[in-house]
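Data block below; observations after.
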Amino acid sequence: MSATQQRYTNFKLYGYELSSSTWRVRIALSAKEIPYEALIDDSLEMNRIGPMLEFVDTEQQNKVVQITQSLAIIEFLEFAFPNQGGQLLPLDPVVRAKVKEVVEVINLKKQPLQNYAVVDIIDVETGEVEKKTLSTKSIENGLCVTLESMLAPYHSSSSDDTDNSRGSFALGTDEPTLADICIIPQLHNAKHLFGVDCSVYPTLLKIKRACKDHPWFVGTLPNH
């Protein structure tokens, strides 16, 4: 057992099960091979707060630490357990920046469109039928079209392309990264919660197929 494994123990993940943010953390915990207890809280308050990771820091007199916000949690896991499990952020500075670019687009511009707290506000302003139409179209035009455009170049080839070893994951890598961790929950919820047809986006479908049976993602799907 590593020093880090000995220091941080008793992991508990609190979260709204259908939340894409909570799902991201489940994938990251799986990727880093960290055992944890999942404590599902489907209350509206938990949906607004987002996921919370709780654990014990044995080097701080067994202090109980709580971290909220999915990306803050995932960054902690990556840096606290750098040599355990998979690598969520590539070492290459350019690829790492590109991963964060995708994550920023999802987290700051697209994910809020799939948040029920935002949808509830839209409901008050526009009514039930228009609410769903507005959310669906916003996700289609924002999430799917934007990501397809951003990621397609990593999966296309040309006659003068000398790189024939491109991987199937989001940034053309051989293994998934934080970008894939953020993409998969958004695509799933776009389809199953908002009825978005993702089948017309070939790059996103390729990424989804690559992640489907990868060990990081197996067993993390919400039960709905």
- request: Provide Rg and Dmax in Å for the stretch 1-106, with only Cα atoms included in the calculation.
  value: 14.2, 40
task: Within 10 Å, count the other beta carbons around each residue, average over each peptide in 51-64, 68-81, and list them highest first.
output: 68-81, 51-64
query: F11 to Q69: FRET efficiency via 1/(1 + (r/R0)^6), r the Cβ-Cβ distance, R0 22 Å, to the nearest 0.05?
result: 0.85
task: Would you mind listing how long the stretch 161-224 runs along its three principal axes, going by Cα atoms, in whole Å with the largest first?
output: 43, 26, 16
- prompt: Can you list residues whose amide H is under 5 Å from A170's amide H, if they're 5+ apart or on another chain and H is modeled 1.01 Å from N?
  reply: T177, D180
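Readers should treat all values here as calculations from the given coordinates under stated rules, not as data from a laboratory. Given the structure is predicted, the values throughout are model-derived calculations rather than measurements. As a convention, Cβ positions derive from the backbone with ideal geometry for all residues, glycine included, and neighbour counts pool all protein chains shown.
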